[in-house]
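The structure appears right after this line, and notes come after that.
Computed from the coordinates by the stated procedures, all read-outs in this text should not be read as laboratory data. Bear in mind the structure is a predicted one, so any value in this text is a computation, not a measurement.
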Amino acid sequence: MNGTNFRLPARRWATVAAAAALAAGPATPAAADSARTTGDHGHAGAVVLRTGLEVSLVNKTAHVPLAVSLNEVQAPRTAGKTALTARLDGVDAGKPFTVLGADVASAKATTTATRAEATVHLAHARLHVPGLPLLSLVELDTVTAKATCESGKAPAATSAVPGAVTVLGKRVTLAAAGPTDVRVPGLGEVRLDLSHRSTTSREAAATALRLKVSVNPLKLNVADVTGTVTLAGATCESPPTRAPQVKPQGAPAKTDLAETGASRLTPYLAAGSAVLLAAGGGAAALVRRRKG
């Protein structure tokens, strides 16, 4: 009776111990999946036109900001735009006003896992400011800008204004180094910076043309226009460089018990058997002592 009452708990204890030994077998860390890298594709941005101008009305009773952008895109969220005009209301006696018109005006930004690139192309463009409805501030034949950032390579930026440029009705030749100043009596002054480029270890930026404007058309409905204008801007940032995945060399080790006589579970099965034997032997010894 006493022996039967003892053997039952002993067997239960041995079973629990063996199960615990087996449960301690090989386990895959839960953090394995979280260690996978997410798809970071870098960044690219492009814009055909961006203005930061201020328009002062006659007798300077009011100041109207003229902040407008045309075909501004950011990747990977957006792809490209090709609008040909940028309009603004309320600065030219209440009439719609065209800041920029062009035959071609495209901006494109693309990214992949290894490359980010932005491009801008502008052709036969005419830039206007309020107060000069019939005379273009600047006319250009062709404007391009490009920024390329690729993993493991140096970023690159290029920009060009290869064709003719007319400023306030005057044909001008842009200086390759330094700004070009154009002054027109009775109208104002425009300073043009050509092909501004910069690069770092992971980033690149290119601006085809940057204008500093100060226009004061006499006896018109606008007193003066001042500020900056950017034509054809492209930027990029390289995607992060990923370490190459190393594949194991040679044939994979076989773990089939039928072929090798062992597997990765063998140590844990052996441990469980040892626990069962030890528990059974201890229980038998105690039973013999009690009977004695």
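Pairs exceeding a 27 Å alpha-carbon distance, out of LYS81/LYS170; LYS108/LYS153; LYS153/LYS212: LYS81/LYS170; LYS153/LYS212. Hydrodynamic analysis of the range 119-202 uses the Kirkwood radius over alpha carbon pairs. Inserted into Stokes-Einstein at 20 °C and 1.002 mPa s, it gives a translational diffusion coefficient of 147 µm²/s.
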